[in-house]
Amino acid sequence: MTRPAFPAFEPPIAAKRPLQDTRHGITRIDDYAWLRAENWQEVFKDTALLDPEIRAHLEAENAYQEQMLADGKELRETLFAEMKGRIKEDDSSVPMRDGPFAYGTGFREGGEQPRYFRTPRDGGDEEVLLDGDREAEGKAYFRIGGVDHSSDHRRLLWGADDKGSEFYTLRVRDIASGEDLADRVVDTGGGGVWDAANEGFFYTALDPNHRPSKVFYHRLGDNGPDRLVYEETDPGFFMSVGGTRLNDHILIAINDHETTEYRMLPANDPTAEPKVVAARETGLQYDLEEGGDVFYVLTNADGAKDFKIMVAPASDPSRDNWREIVPHEPGRLILSIMAFSDFLIRLERKDGLPSIVVRERATGVEHTIAFDEEAYSLGLAGALEYDTEIFRFSYSSMTTPGQVFDYNMRTRTRTLLKTQEVPSGHDPDDYVTRRLMAPAPDGELVPVSVLYRHDLKLDGNAPCLLYGYGAYGIAIPASFNTNCLSLVDRGFVYAIAHIRGGKDKGFGWYEDGKKERKPNTFNDFVAAADHLAAEGYTRHDRIVAQGGSAGGMLMGAVANMAPEKFGAIIAEVPFVDVLNTMLDATLPLTPPEWPEWGNPIESEADYRLIASYSPYDNVGPQDYPPILAVAGLTDPRVTYWEPAKWVAKLREQKTGDNPVLFKINLDAGHAGASGRFSRLEEIAYNYAFAIRVAGDASSSEQEPS
């Protein structure tokens, strides 16, 4: 295939200012370290404080990519219109019952932001509690965080971020008047939880390095300092605070990527000191679910790699009192549990597919909710109430639009409440979804979910977008995605590689893609590309690889390892400067990430391992495919300078004429644009790039070059 010509504009060339760093007797030179703003903490809160020289360089990058892709404007507009046409603009969720009301979310036609509403329990007129569009007026960025109504249904606790930096401000709305109270808490993690009497709320506060280091209690109307409930002094741990369905307990969850500790206090006594449930022990993970007079414990204790379920008295759920009720079964990963008055439900995954199991608490009798498709996705919405026989779940597949069901646990019947509407039309019979197994170099079989039109000629010439993530144990579901239909309808094969580093095939699948086994993630992705080409779905020069965040690291790694295997790379908020980031303990996520990647500060072995694959450190003189990097200036998870430095080094080192483009949103963070339609514009931008470099159905009959 002959690659499409790009305009001959000159890209920005970043100045080289060598910075030397020596660790473990190993010296590295970083020519582009100056792109990291020294005052990054302040920039997250006020982008006007960014160094003018750095801003000028980022603006030059934006101007360059606009020049290079200017002739794709019409295609981008077409793609955006298609994607928007598949969205029911005034869509709403099915309200969920809680006492005298049912609570839901929705959008108005043309609206960018969600609105939160309630109706009488059994239906009736909607009462709007929070209008996201109104709150977002005049703001370049706006995202609502947690929203929680009080148990007396009089107030709404809600958080919002207007910078993209994920520093949320909490407010309390009086529902009757529609006005916010004077109570206002800044620099929080995004949400909070009410005490039992609805007199105040608990929340996490972020320190200057964007870490949730303290839990506070705020009493409504109190102008004095909030009560410090708990402070976590170890920067290597994340922390969050939540409640239980019965509103009996406040739970403080403290964890890194391999260890958990819970502390709890009575929801009716905000002055109580939180008590440890099971002290942190490296490698021990557990989650708590209240079940009236007991707590259910989902844990990997005692070698239960794929987790088991224990039960303990609510009066003392310490580890000595844990008693097993659902044993560990290797290869069956229990993902989550929910308890109700008479039933316990669990979401589990086996052989790469999820299932929902319902257990009668009194008898231990279990049944599984069955589904028919070859590959699909499930989600547990549960219920807001505890004393109920009905819970809610969602279902979709790559061909089946999302469906929402209420399920009666006693009668074992399901009621379809809603099917995702596609206003522009969708016929599942027009598409085929497959689950392939790609052989990795070490003999493991990597699941690959594939979607394409039923009339596509599988002669090895179709363009393909291959998506991958592979980190933190996150499994990528084979769910319905209206956006990718814009590619599939143009003759693309859309594929998801369920590579190691996720939990798609159990907890062991995750362990085999972290720390010293991290290279398996990259090898699996290349193996997926090889298999798709070998099986006649596509060919290497028509595969566009896409991944974001840790999946962006994947993109950088495979670009270095096997650039000839891909026709292009799309790296969104890419974590590509791995070694430098893991060496900087001041960055928001670095200490909590050491269990995932290793600690190169303390360990020479970890240093050498990360250095062996860190994309920025391994850029070399080779012919890279066209690369598009996308980032946000106020991103606290993957800081903007990682892709900025990576792009600069790629331009310096690469051979050949393929462009390296960098698009940075100067008004957003990790999640990109906050509005639902502005986010579609970003997706359309990426897809237009994919179509440009890989072609569409009109060129799929070309002979291989």
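I'd like to compare 475-482, 208-215, 523-530, 299-306: which one has the highest average count of other Cβ atoms within 10 Å, and what's the full order after that?
Peptide ranking by packing, descending: 523-530, 475-482, 208-215, 299-306.
How far, in nm, would the chain grow between Arg17 and Asp342 when pulled straight, counting 0.36 nm per residue and subtracting the alpha carbon separation?
110.4 nm
Just for the Cα atoms in the chain, what are the lengths along the principal axes, largest first, rounded to whole Å?
The Cα atoms of the chain stretch 68, 55, 52 Å along the principal axes, largest first.
With r defined as the distance between the Cβ atoms of Ala140 and Asp98 and R0 fixed at 35 Å, what FRET efficiency is calculated, to the nearest 0.05?
The value I calculate is 0.50.
Express in whole angstrom the spacing between the alpha-carbon centres of the stretch 549-598 and the stretch 630-663.
For the stretch 549-598 versus the stretch 630-663, the Cα centre distance is 12 Å.
Using helices alone, what [θ] at 222 nm do you get for the chain, with -39,500 (n - 2.57) per DSSP H run of 4 or more residues, divided over all residues and rounded to the nearest 500?
-5500 deg cm²/dmol
Could you state the angle between the C-alpha long axis of helix 519-534 and the longest principal axis of the C-alpha atoms of the chain, as a value from 0 to 90 degrees rounded to the nearest 10?
Tilt of helix 519-534: around 60 degrees.
Residues with beta-carbon under 14 Å from that of Gly124, excluding Gly124: net charge, scoring Lys, Arg +1 and Asp, Glu -1? Mind dumping the intermediate values first?
Details: positive: Arg97, Arg118, Arg121; negative: Asp122, Asp125, Glu126, Glu127.
That sum, taken over residues with Cβ under 14 Å, equals -1.
Karplus couplings for the stretch 205-220 from phi (6.51 cos²θ - 1.76 cosθ + 1.60, θ = phi - 60°), rounded to Hz, Gly and Pro as x?
9, 8, 7, x, 8, 6, 10, x, 9, 9, 10, 10, 10, 10, 8, 4
Rg and Dmax of the stretch 139-284, Cα atoms, in Å?
15.2, 49
Can you tell me how much longer the chain between Arg414 and Glu127 gets when fully stretched, taken as 0.36 nm per residue apart minus their C-alpha distance, in nm with one decimal?
100.5 nm
Put a dot 7 Å past each Cα toward the Cβ at Ile474 and Asn223; how far apart are the dots in nm?
Rounded to a tenth, the inter-label distance reads 4.3 nm.
Given the pairs Lys308/Lys515; Lys514/Lys663; Lys45/Lys214, which are separated by over 22 angstrom at their Cα positions?
Violating the 22 Å Cα-Cα cut-off are Lys308/Lys515; Lys514/Lys663.
May I ask you to derive the FRET efficiency for Glu10 and Thr233 from their Cβ-Cβ distance with R0 = 60 Å, giving the value to the nearest 0.05?
Numbers: r = 51 Å, r/R0 = 0.85.
Efficiency at R0 = 60 Å is approximately 0.75.
Can you list the lysines whose alpha carbon is less than 18 Å from that of Lys88, not counting same-chain residues fewer than 8 positions off?
Once the sequence-local lysines are set aside, what remains near Lys88 is Lys418.
Given 0.36 nm per residue, what is the gain on full extension from Glu89 to Ala182 after removing their alpha carbon distance, in nm?
Length difference between fully extended and current span is 30.1 nm.
Would you mind pulling out the separation of the Cα centroids of the stretch 379-415 and the stretch 451-523, in Å?
Distance between centres, Cα-based: 26 Å.
Using 1/(1 + (r/R0)^6) with R0 = 51 angstrom and r between the beta carbons of Thr169 and Ser315, what's the FRET efficiency to the nearest 0.05?
Taking R0 as 51 Å, the efficiency between Thr169 and Ser315 is 0.85.
What is the distance, in nm, between label points placed 7 Å from the Cα along the Cα-to-Cβ direction at Gln67 and at Arg517?
Once both label points are built, they end up 4.8 nm from each other.
For the stretch 286-421, what value does the Rg/Rh ratio take when both radii are computed over Cα atoms and Rh is the Kirkwood radius, given to two decimals?
Taking Rh as the inverse mean 1/r over Cα pairs, Rg/Rh reads 0.98.
Read-outs throughout are calculated quantities, based only on the coordinates presented, and are distinct from any laboratory measurement. In this text the structure is predicted, and so the values were computed from the model without any measurement. Note that we place each Cβ from the backbone using ideal geometry, even for glycine, and neighbour counts take in every protein chain shown.
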